[in-house]
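Asker: Have a look at the structure that comes next, please.
The values are calculated or read from the model by the stated rules, or taken from the named source; none is laboratory data. A quick note: this is a predicted structure, and the numbers were derived from the prediction, not measured. Using ideal geometry, Cβ is built from the backbone for each residue, glycine included, and neighbour counts are taken over all protein chains shown.
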Amino acid sequence: MLKIYLNAKQDKTEQINLFNKTFGIQFTDAQWDRKHYHNPCMGCSENVCMYENSKLIAFNMFMPQKYVVDDKEFVFLQSCESVVKEEERGKGYFSKLLTESERLLCDKYHVIFGIPNNNSAPAFKRLGYKQKTMFDMLIKPGRIKNIVEDLLFLDRKDKNNKIYCNDLSSKNIKCSLVADFENKVKHISDPSEIVIKRDDLFYQWKMGINDIYCYYIKDDDTVEAYCIVKFYMGRRIRRAEVLDVYVMKGKENMLKKIIKAISKNVSVIYIMVAAKGKNKKIFKNMGFSLYKKDIASLVYKVISRDTQLDFILSEKEWDFSPIECDTTFN
């Protein structure tokens, strides 16, 4: 007999083991806790589990996040870490789980959104979720010297993480560990967009992990451009992933300086951008090329009784960035 529970008191280890086994991922207890239970911005994730004869066969974690729409705050839920036991797939269990989740959570939250994979996409579509944004991957080669070194496996013993703070050609560019972000940079939202609420707590929690830095340029107290980057020191290729970016109108050259400084330390820079978002145009003008088109899509559904919100969301741009994408921070 199937039973679905909200925030059941089952063993957390059972969930992690099922998720890791199904997707071949190595989530640890500490990573799971940090992501779903130690969120200083919004508290714990909502946890919806499905049992058959007292055995866990499926679950979905919903991570709460504050979004700003027309200067009003709403609490959205990001569907993430969803899994159905492999031998139980094809029986409509995920659709049932998602339907019951909407019923259980609609009085407390406004919207559920997600970036579904091939397994879950049909269920979202069947339940009336609307596709809002498609994503493309853009890339740009870094320094030629780095590419040659990486391809030839040349000695990189001096290439440690500290180079990202110190090896900058322009004195105007400042670098900060994102864990110490504090009030140095504030994201200025566009009223025509749906934007996640970025404050100090958000940055410190979401990005207070290794190898993430913020490069920014200020004129007096005004931030003209910033770029938040995660570095990957792989055995073969040194990569930089752009997670979040802001540039003041007319100051695109400042962002170009930052990208140039970053490129001196890596073989390739890449970014996931909304296919029709303004960031795609900005980065293509800086020499980034299309690497993969339509790599993912964002879907959403208004689950509250606020019918006006559904209309507002359909009219506005949602220039989603990797800073919001939970898979980046596993």
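Asker: Among the residues of the range 44-60 satisfying the criterion of being over 24 Å from the mean Cα position of the chain (by Cα) and in a strand (DSSP E or B), which is farthest from Leu98 (Cα to Cα)?
Answerer: Filtering first and then ranking leaves Lys55.
Asker: Let me ask something else about it. Quickly run through the range 90-128 and pick out the residues that are of a type in the set (Phe, Trp, Tyr) and out of contact with any Leu (no Cβ under 9 Å at 6 or more places or on another chain).
Answerer: The one that is of a type in the set (Phe, Trp, Tyr) and out of contact with any Leu (no Cβ under 9 Å at 6 or more places or on another chain): Phe94.
Asker: Which pairs turn up if I take residues in the range 28-43 that are more than 9 Å from Met63 (Cα to Cα) and exposed (fewer than 12 other Cβ atoms within 10 Å of the Cβ) and look for partners that are modelled with pLDDT of 85 or more and aliphatic (A, V, I, L, M) with beta carbon separation below 7 Å, at least 6 apart in sequence or on another chain?
Answerer: Sorted first by the residue in the range 28-43, then by its partner, the pairs are Asp29/Ile16.
Asker: Under 6 Å by Cβ, and 6 or more places apart or on different chains, what pairs join a residue from the range 45-63 that is assigned by TED's automatic domain parsing to the domain that holds Ser101 and over 18 Å from Val75 (Cα atoms) with one that is buried (at least 18 other Cβ atoms within 10 Å of the Cβ) and aromatic (Phe, Trp, Tyr)?
Answerer: Sorted first by the residue in the range 45-63, then by its partner, the pairs are Cys49/Phe59; Ala58/Tyr93.
Asker: Follow-up question, since we're still on this one. Going by the structure shown, is Phe320 among the aromatic types (Phe, Trp, Tyr), at pLDDT below 90 and not in a loop (DSSP other than H, G, I, E, B)?
Answerer: Considered against the rule, which asks whether it is among the aromatic types (Phe, Trp, Tyr), at pLDDT below 90 and not in a loop (DSSP other than H, G, I, E, B), Phe320 comes out as no.
Asker: Looking at the range 1-24, which of the residues that are among the basic types (Lys, Arg) and in a helix (DSSP H, G or I) is farthest from Cys44 (Cα to Cα)?
Answerer: Ranking the qualifying residues of the range 1-24, first place goes to Lys21.
Asker: Hey, another quick one. Within the range 82-105, is even one residue buried (at least 16 other Cβ atoms within 10 Å of the Cβ), in contact with a Phe, Trp or Tyr (Cβ under 6 Å, 6 or more places away or on another chain) and not hydrophobic (A, V, I, L, M, F, W, C)?
Answerer: Among the residues of the range 82-105, not one is buried (at least 16 other Cβ atoms within 10 Å of the Cβ), in contact with a Phe, Trp or Tyr (Cβ under 6 Å, 6 or more places away or on another chain) and not hydrophobic (A, V, I, L, M, F, W, C), which makes the answer no.
Asker: Under 9 Å between Cβ atoms, at least 6 apart or on separate chains: pull out the pairs that start in the range 292-303 with a residue that is touching a residue at least 60 places away in the same chain (Cβ under 8 Å) and end on any residue that is hydroxyl-bearing (Ser, Thr, Tyr) and outside any strand (DSSP E or B).
Answerer: Qualifying pairs under 9 Å: Val299/Tyr129; Tyr300/Tyr129; Lys301/Tyr129; Ile303/Ser101; Ile303/Tyr109.
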